[in-house]
Every structure is written in C-alpha cells, then in structure tokens.
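Nothing in this text is a laboratory measurement; each read-out follows from the coordinates by a stated rule. Just so we're clear, the structure is a prediction, and the values are computed from it rather than from any experiment. Neighbour counts are summed over all protein chains in view; Cβ atoms, including those assigned to glycine, are modelled from backbone coordinates with ideal geometry.
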Amino acid sequence: MRPVTVQFLKNPDITHWGFEAWFLGEDEYGSWIAVPRGTKRWKGDESVRPTREDAVFCAPHEGWWHLHYNGATTRFSHFVDITTPPKWVSENRYEMIDLDLDVIVQHDGTVEIEDEDEFRAHQVKYGYTREMILRAEAETERIVGELENQREPFFDVAGEWLSRVS
C-alpha cells in the first residue's frame with residue numbers, strides 16, 4: 001500500500017477536509033483507499049481528531065461523488081459526498097470540490113440527503129457554475145436511487161474492500 005493524500009476543496013483554492021490514507025487498489029468502479037482508525041485528518045488549515053474507526057473511500061473512475069464507507073460502526077454506514085469528479089493530481093494525491101450535498105444511509109436502511117441549505121448558499125458564495133449545480137442535483141438523485149436499490153459498489157463491494165483495512 002502506498003500513502004495517499006485525499007483533499008476535499010470548497011473551491012479550487014480553498015482547502016476543506018483532508019486525509020492521509022493508503023491506496024488499496026482499483027476495480028471497475030474506481031480507486032479504493034484505506035482509512036484505518038487513527039488516520040490523520042484536517043479541516044482547512046486545522047488538524048482535527050484522528051479518525052475513530054476503519055473506513056474505505058471510493059474515488060470513482062466516473063461520476064460526481066465520493067464514497068466514505070465504514071460499515072456498522074457509526075450512526076450511518078454510508079456517507080456519499082457529492083463532488084466534482086475526483087482527480088488524481090499525482091500518484092499520491094487526489095482532489096475534488098465538495099459540492100455540499102451528502103447522501104447517507106442510516107443503519108435501518110433509510111437514505112437521507114443532507115446539507116441542501118448549504119448547497120444553495122454556497123452556489124453564490126463559491127460561484128458554482130450552472131453545470132456544477134445541475135450535475136450535483138442529478139448525481140444526488142442518482143446516488144439516492146443506487147443506495148435505495150442496494151447497488152454496487154456501495155454494499156458488498158465496499159464491504160470487501162473494508163475487510164482489507166486493519
């Protein structure tokens with residue numbers, strides 16, 4: 001496994017959440033990243049508490065989303081950020097712009113959309129383009145359907161990758 005920096009941005013030049021993680025591998029869905037318990041992370045320029053549980057990220061080959069999957073260890077099992085397509089800027093770093101909308105799956109299977117108000121406010125604050133807004137809205141709707149219908153890579157595939165994190 002090689003080290004990987006995962007950097008969410010709020011605009012092309014404003015850092016948001018970041019993680020020092022590990023590249024696990026690739027499959028037909030995307031690149032899978034190990035985020036073991038204790039992983040260093042930050043928000044903007046400030047360090048925050050390390051991660052509390054093992055998780056995996058999926059940076060898809062195509063799509064305006066990024067998966068954070070941690071199984072049954074927190075209040076939700078899936079956290080899908082709606083983002084610009086993750087872009088590898090070097091062998092050890094990828095970045096994406098976080099477009100605020102998040103789709104989560106509660107442990108009872110309920111799928112919820114979070115931060116719609118933040119999405120509306122940031123359209124103005126960060127100057128989201130019309131394409132970004134339309135793609136974020138369409139991708140949110142698509143991801144909700146994928147999760148409600150338990151489609152891959154969000155379930156068994158993500159669970160398999162998570163089993164490799166320790």
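List the pair-distance distribution P(r) of segment 2-162, using every Cα-Cα distance, as the percent of pairs falling in each 10 Å bin from 0 up to the bin containing the longest distance, rounded to whole percents.
Result, from short to long distances: 11, 42, 39, 9 percent.
Using θ = phi - 60° and the Karplus curve 6.51 cos²θ - 1.76 cosθ + 1.60, what whole-Hz ³J(HN,Hα) does each residue of segment 102-113 get, with Gly and Pro shown as x?
10, 10, 10, 10, 6, 5, 8, x, 5, 9, 10, 9
I'd like the distance between the alpha-carbon centres of segment 23-47 and segment 96-128, rounded to an integer number of Å.
Here the answer is 20 Å between Cα centres.
So which GluC sites (Glu not before Pro) in segment 78-116 pass both tests, a DSSP loop state and at most 13 other Cβ atoms within 10 Å of the Cβ? Each step should come with its number before you reach the end.
Values: sites: E91, E95, E112, E114, E116; in loops: E91.
Passing sites in segment 78-116 are E91.
For Cα pairs less than 8 Å apart in space and 6+ apart in sequence, what is the mean separation divided by the residue count of the chain, i.e. the relative contact order in percent?
Normalised by residue count, the contact order of the chain is 19 percent.
Can you compute the helix-only [θ] at 222 nm over the chain? Use -39500 (n - 2.57) per DSSP H run of at least 4 residues, normalise by all residues, nearest 500 deg cm²/dmol.
Computed mean residue ellipticity for the chain: -6500 deg cm²/dmol.
In whole Hz, with x marking every Gly and Pro, tabulate ³J(HN,Hα) for segment 16-25 from phi via Karplus 6.51 cos²θ - 1.76 cosθ + 1.60, θ = phi - 60°.
In residue order, the calculated couplings are 10, 6, x, 9, 9, 10, 9, 6, 8, x Hz.
Could you name the lysines in cross-link range of K125, using Cα to Cα under 18 Å and dropping any fewer than eight places away on the same chain?
Within the straight-line cut-off, K125 pairs with K10.
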